[in-house]
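Q: Once you've had a glance at the structure underneath, I'll fire off some questions.
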Amino acid sequence: MTSVQSNQLDALKFGTEQFIADDDFVTRLNSGRSLRVKLGIDPTASDIHLGFAVVLNKLRQFQDRGHTAVLILGDFTALVGDPSGRSKTRPRLSVDEVNANAMTYVDQITDILDPAQLEVRRNSEWFGPMGMDGVLDLTSRYTVARMLERDDFANRYRSGTPISVSEFLYPLMQGWDSVMVEADVELGGTDQLFNLLVGRDLQRQMSQPAQAIVTMPLLEGLDGVNKMSKSLGNYVGVREPGAEQFGKIMSIPDELIGRYARDAATWPEHVLIPFLEGLDSGALHPNAAKRSVARAVVERYHGTGAGQTAEAAFDRVFKDGSVPDDIAVVRVSASRTQPEAVVDLLVEFGLAPSKREARRLIEQGGVRIDGEKVLREGAMVVPGAKSQTFRVGKRRWMRLEAE
């Protein structure tokens, strides 16, 4: 292997958790042809966050080296529900929900991936017309014993927690996607390893070269405990305003700074390694380190200079106590003259993901209206009466105005 070829392989491996490949993959990588690098995503939510962007950024690295990103929109697998890392069966989504989410995914993904080197497929192309004969053939290719080697299935089986038969289909369906697009490489989070290995097995059965497997780390959310998730409210969206992204990252626990630097800032190795060394040695103060990461993330998704602008906005709010310049304005009908629960308004206008979370925020003193702390869970306001400025936590602002 030449030094150039070795450098390419090393660069692609950098930041990964696992890189599983046969010798023939290195031959394919060095052949000069464009490899088909697959990523399957189930459109189960409407927004892409930094946790999901970890694998998308690795896929972009493959594109930057001349390879083709093959994005599988799992409009069929989303109807089954990925059991990876789950302790119970996922609720099923409707076809309309899946299709709506798929459209927003593609729109946001092109903020990260190069559309010129992107092939988008839906797995309903092959699963829709498969028929029962095809389903029976697919299910005959794997045994129940092999499925129960998977930790989450094994744990649920031992505990007596139900496992639907459709969930056994999921790894086979994801693996069959690899066969249908003749993937050379498949990317996924560490929780996807079993599914990715099934793809290798099915490709061999169909006389195809086995795909290489690249797994990426799972990024913890802002709470520092759970995997980043919109449903948990611990996420940073890739299309959120820069000031919001900056402020959220400044709130992460200090022990996550290195993780966010590695998995969200998308710095090259020669920048990341000295940064991590400075963090570990104490030469780099945690506050300065967070600011560097936050600026890098904002510039990644909003362009050069956006990081400094977001930092300045952050400082105006937190050092000077000012209301942000770019505060969101929501207009409501002046006819809304009856008192309404603050808890309901927080959910309605996206300041809290659920009533339960809204109540928690109020209990912790994290909600202010026109600078006054909301002290009671049952507090009421009249939305259409006058302009009112809501602040939730340290970063979320909204001005309610009647029209």
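The values are calculated or read from the model by the stated rules, or taken from the named source; none is laboratory data. Only a predicted model underlies this, so the values are computations on that prediction, with no experimental measurement involved. Quick reminder, even Gly has a Cβ in these numbers, built from the backbone with ideal geometry, and neighbours come from all protein chains shown. Just the protein is used for accessible areas: all its heavy atoms, side chains included, with ligands, DNA and RNA removed. Shrake-Rupley method; radii C 1.70, N 1.55, O 1.52, S 1.80 Å.
Q: Does Glu255 satisfy the condition of being open to solvent by 40 Å² or more (accessible area, probe 1.4 Å), assigned to a helix (DSSP H, G or I) and out of contact with any helix residue (DSSP H, G or I) (no Cβ under 6 Å at 6 or more places or on another chain)?
A: Values: open to solvent by 40 Å² or more (accessible area, probe 1.4 Å): yes; assigned to a helix (DSSP H, G or I): yes; out of contact with any helix residue (DSSP H, G or I) (no Cβ under 6 Å at 6 or more places or on another chain): yes.
Spelling it out, Glu255 is indeed open to solvent by 40 Å² or more (accessible area, probe 1.4 Å), assigned to a helix (DSSP H, G or I) and out of contact with any helix residue (DSSP H, G or I) (no Cβ under 6 Å at 6 or more places or on another chain).
Let's see how each residue does on (1) assigned to a strand (DSSP E or B); (2) modelled with pLDDT under 90; (3) under 23 Å from the mean Cα position of the chain (by Cα):
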| site | (1), (2), (3) |
| --- | --- |
| Val293 | no, no, yes |
| Arg300 | no, no, yes |
| Pro324 | no, yes, no |
| Val329 | yes, yes, no |
| Ala334 | no, yes, no |
| Val343 | no, no, no |
| Leu351 | no, yes, yes |
| Glu357 | no, yes, yes |
| Arg360 | no, yes, no |
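Q: Which of the numbered conditions does Glu240 fail, given that it passes all the others? Conditions: (1) touching a strand residue (DSSP E or B) at 6+ places or on another chain (Cβ under 7 Å); (2) over 30 Å from Val26 (Cβ atoms).
A: Only one criterion is unmet by Glu240, namely (1).
Q: Identify all residues within region 219-231 that are surrounded by fewer than 20 Cβ atoms within 10 Å (Cβ to Cβ) and either among the small types (Gly, Ala, Ser) or in contact (Cβ under 8 Å) with a residue 40 or more places away in the chain (or both); write none if there are none.
A: Gly224, Lys227, Ser229, Lys230, Ser231
Q: Cβ-Cβ below 8 Å, separation at least six or inter-chain, first residue in region 257-278 and within 15 Å of Leu222 (Cα to Cα), second acidic (Asp, Glu) and open to solvent by 60 Å² or more (accessible area, probe 1.4 Å): which pairs?
A: Gly258/Asp280
Q: Pairs please, first residue from region 6-17 and within 13 Å of Thr266 (Cα to Cα) and at pLDDT 85 or above, second anywhere and open to solvent by 80 Å² or more (accessible area, probe 1.4 Å) and assigned to a helix (DSSP H, G or I), Cβ atoms under 7 Å, 6+ apart in sequence or on different chains.
A: Short answer, once both residue conditions are applied: Phe14/Glu269; Gly15/Arg262.
Q: A further question follows. Filter region 362-375 for residues that are open to solvent by 50 Å² or more (accessible area, probe 1.4 Å), at pLDDT 85 or above and part of a loop (DSSP other than H, G, I, E, B) and give the result.
A: Gln364
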